[in-house]
């Protein structure tokens with residue numbers, strides 16, 4: 001019998017109550033399965049590589065060895081080419097940064113955010129800053145604005161007040177403006193006014209992605225997402241060169257200016273990155289076909305960043321390779337972990353990259369290939385942080401991103417929602433009651449749950465139980 005600890009759904013009905021009895025001990029989970037990924041074996045399904053033995057075994061082994069060497073050389077060349085595509089320069093200043101967090105608050109009009117409040121948005125922005133090593137928030141300013149899309153974001157009076165406070169605080173080394181993207185002109189004007197570097201959510205999140213990317217594919221996806229930022233920086237460089245009268249000079253008789261050459265190099269880099277990602281996508285498709293051939297059901301675990309996806313997967317599978325961290329965007333690489341259902345059926349749980357509200361479109365586009373595993377899953381499990389004050393907004397962000405991936409309607413409609421971190425919800429029923437039995441009623445979409453609780457707890461939660 002499984003204890004009901006971390007999930008509740010609409011329509012759940014608590015009907016039968018036993019009062020005054022001691023709480024029963026939860027039943028232990030079933031034993032962990034042998035990892036199904038190892039079941040693929042040493043041979044690649046569908047290939048012509050065979051073990052030695054029988055007639056021509058030695059010749060076959062020699063040909064296989066030669067073929068493996070050629071494949072290894074090709075892989076090494078591809079890896080060298082992909083490494084050359086990765087940027088080496090940091091997007092943010094190195095060392096310790098004392099950040100002033102400036103949040104533009106839109107209080108009315110069509111730009112006013114729904115399902116959230118300024119303090120919750122500020123808390124998430126602080127968490128983004130603290131994810132970076134050596135970065136801390138020393139001041140927070142919530143400033144109202146009616147023109148968030150204007151060149152200086154704020155009105156004249158608020159802009160002057162911000163400039164006075166930032167320039168009068170020598171401990172501030174940089175400013176995080178909590179907007180999705182700044183135009184190059186806005187960034188230039190604000191940095192000139194405030195005298196320190198200014199960054200937006202796109203730059204901060206991109207640097208977090210770069211720090212947490214481990215696999216070749218994740219690092220290439222980050223490099224692809226960086227290209228719009230590099231193009232914006234190029235525009236600033238172009239303006240600077242034109243002021244010096246050097247922007248239109250030709251390079252060594254090549255027939256193209258410095259700016260045209262830089263634009264061409266960025267375009268060539270984008271083509272090479274997309275080509276490398278396509279190679280990796282084909283390899284992932286091959287692995288997916290192997291899993292389908294062996295009839296392993298796939299469960300894609302999705303959710304807002306830091307909602308507990310990896311923790312849930314580790315609890316379900318016991319796989320030590322799943323290493324949860326209390327950090328935003330700790331998971332960027334898609335990983336598969338084998339586990340068993342109560343029916344003893346082996347399934348693969350796929351851990352995916354987390355979502356974020358106001359996540360820049362370029363980042364979503366870059367990681368679309370990785371999220372293909374969600375589209376080919378047999379079931380989607382949406383993990384939600386039930387303790388977060390913005391849990392409804394987080395749900396809306398995740399569902400919106402999934403719909404943007406054009407997933408099959410049937411897959412979205414059958415998505416299972418799991419509420420995690422209920423132990424952090426103050427005064428919730430699970431602290432006072434122990435689940436004894438669950439009787440699901442499929443026709444009504446409800447369930448009868450039998451629990452044991454004390455008389456005092458029954459009086460506190462009596463309104464939850466039908467008479």
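The values are calculated or read from the model by the stated rules, or taken from the named source; none is laboratory data. Keep in mind that what you see is a predicted model, and the values were worked out from it rather than measured. Here the Cβ positions follow ideal geometry from the backbone for every residue, glycine too, while neighbour counts run over all protein chains shown.
Odds and ends about this structure:
- Subset of region 265-282 [closer than 12 Å to residue 85 by Cα, under 22 Å from the mean Cα position of the chain (by Cα) and crowded, with 16+ Cβ neighbours inside 10 Å]: 273, 276, 277
- Filter pass, residue 332 being modelled with pLDDT under 75 and within 21 Å of the chain's Cα centre (by Cα): yes
- Among (1) surrounded by 14 or more Cβ atoms within 10 Å (Cβ to Cβ); (2) modelled with pLDDT under 85 - the single one residue 302 does not satisfy: (2)
- Residue in region 256-263 that is at pLDDT 80 or above, touching a helix residue (DSSP H, G or I) at 6+ places or on another chain (Cβ under 7 Å) and more than 26 Å from residue 279 (Cβ to Cβ) present: yes
- Being more than 26 Å from residue 94 (Cα to Cα) and either part of a helix (DSSP H, G or I) or at pLDDT 85 or above (or both) holds for only one residue in 275, 210, 231, 246, and it is 275.
- Condition met for residue 300 (part of a helix (DSSP H, G or I), in contact (Cβ under 8 Å) with a residue 24 or more places away in the chain and under 22 Å from the mean Cα position of the chain (by Cα)): no
- Residue count, region 180-200 (criterion: within 21 Å of the chain's Cα centre (by Cα) and modelled with pLDDT of 90 or more): 2
- Of the strands (runs of 3 or more DSSP E) lying entirely inside region 374-467, the ones with 1 or more residues being at pLDDT below 85 and crowded, with 16+ Cβ neighbours inside 10 Å are found at 433-441, 446-453.
- First in region 433-452 and assigned by TED's automatic domain parsing to the domain that holds residue 414 and over 19 Å from residue 417 (Cα atoms), second anywhere and outside any strand (DSSP E or B) and modelled with pLDDT under 75, Cβ under 6 Å, 6 or more apart: 434/23; 434/24; 435/3; 435/4; 452/21; 452/23
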